[in-house]
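Notes for the one structure printed next.
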Amino acid sequence: AVAGMFLKLSVCVSVLCACGALTVGPADRPVALVVIDVQNCFVPGGENPVPGGADVIPVINGLRERYGDGLDLVVMSQDWHCADHVSFTSQHPGYSNFEVMELDYDSQGALCTGPSPYAVNCTGSVAHRLNQTLWPDHCVINTTGAEFHPQLTTEPTDLVVQKGYRCEVCAEFHPQLTTEPSDLVVQKGYRCEVDSYSAFFDNGGFRQTELDSLLRQRQVRSLIITGLALDFCVFYTALDGRRLGYDTYVVRDAARGITPAGVERAMAEMEAAGVSVIRAEDVGRVL
Ligand code: VGL
Ligand code: ZN
């Protein structure tokens, strides 16, 4: 990334020297490719599939070939849920997949809505009511060290049988997606009691991921956002990116949505918020 920045800086400087009047374009500061949630759980065959989700992979792999050539950083986000995450239909008896329920939180972001086991630290006054779409279990953190629920008593003499890890490789990146050690990986949605569509904030705006500060440290100006799902995680990441002051682009053919109506609404809201929707073939103009 540093080499890429220097290369770009020196090219800019020499162009400026050569033809003084040229204005410094948006590419005078680093550009990040942001790859949202391209995980097995979100492609057909996974637990929470986005129609055509796998089609974004070659497009994204192609975009990242410009790394060092105007593209300075690749950010990968992962939906990274507790097995009993509040967004899972399985946690809400009587509800169905894709139904929307209301979840109440206090001012600190503690869940006040029972009967979730996480609704224990609420101070009593509801400060936020969030609409929560309920999803099939997906993107469950897969470590053998996954902790027991804090309210569950455990004893060293217990015989522990680990079972029911519903998606062994679900939270891993899709195997056809190119990844590099220099990628910045952001795991989101690991607070069990609140969902997190955006790679910047949870859905209540209670907590921030480290993404914004990492991008600021690297002086990133522009975000090129791709991935899944266009009407949820890509959409909210793009709105937050714009709100945080980044020049924000969404690559339409490097993203897929869950529903056509959702995609239509997301596109309109993004454009209204100042996010540019572009095509992969136009990314060169942004770099
Ligand atoms: C997503 C639904 C639930 C996404 C994540 O990545 O768009 N959608 N969790
Ligand atoms: Zn999720």
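Laboratory data are not the source of any read-out in this text; all were calculated from the coordinates shown. Everything numeric in this text was worked out from a predicted model, so none of it was measured. When we count neighbours, we look across all protein chains shown, and the Cβ atoms used for this are built from the backbone with ideal geometry, even at glycine.
Packing, as the average of other Cβ atoms within 10 Å across residues, places the peptides 198-208, 221-231 in the order 221-231, 198-208, highest first. Based on alpha carbons, the Rg and Dmax found for the stretch 194-236 are 11.1, 30 Å.
On the basis of the beta-carbon distance and an R0 of 35 Å, Ala261 and Leu214 show a calculated FRET efficiency of 0.55.
Stokes-Einstein diffusion for the stretch 174-287, with the hydrodynamic radius set to the Kirkwood value over Cα pairs and evaluated at 10 °C in a medium of 1.306 mPa s, equals 108 µm²/s.
For the stretch 220-287, the C-alpha radius of gyration divided by 2.2 N^0.38 Å, with N the number of residues, is 0.99. Packing, taken as the mean count of other beta carbons within 10 Å per residue, orders the peptides 130-139, 257-266 from highest to lowest as 130-139, 257-266.
For Asp28 and Ala127, the FRET efficiency from 1/(1 + (r/R0)^6), where r spans their Cβ atoms and R0 equals 45 Å, is about 0.60.
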